[in-house]
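All of the numbers you see were taken from the coordinates with simple rules; none came from a lab. Here the structure is a predicted model, which is why all the values come from computation and not from measurement. Here the Cβ positions follow ideal geometry from the backbone for every residue, glycine too, while neighbour counts run over all protein chains shown.
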């Protein structure tokens, strides 16, 4: 699939009409593509494009999950609904719907007080200054993060964090949560 075909597909799904945005997503690796020559342009993998489109339709711009019914995802009685040009069936939509249903259930449970792990970040001189200021604003000596699946609930502020969208996914969760604290104070 070339760039023009991919752009028409994304326009039809109401994701973007911008060629530059599509090319940015390709260069960022969010959509798999090959560049056989600069003259021909990118050859975009249709399965990767479908996955990307599903993620964009299901999740909001801030990483939150949109309320999406199974019918909106293209399901009819739980059957596979997506088909590529060559007729190859993919189960992608079903897998994504299951994943996001699990995330919704985890979110509901953590809001009710269920959690599997606790991480405590103490306000100390080892923390970045921005983190210390944020914790001082709440007059907190520590922040307690209750973890369930892909969610973290900050006990002191009642903030709910989707762990998947935290920066630096290869770092330890404690470090990622410490970094999250320093991003919460507005720039002055």
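Scanning region 95-137 for residues that are touching a residue at least 40 places away in the same chain (Cβ under 8 Å), under 21 Å from the mean Cα position of the chain (by Cα) and surrounded by fewer than 12 Cβ atoms within 10 Å (Cβ to Cβ) returns no hits.
If you filter region 11-47 down to residues that are part of a helix (DSSP H, G or I) and in contact (Cβ under 8 Å) with a residue 24 or more places away in the chain, you find that the one that is farthest from residue 96 (Cα to Cα) is 25.
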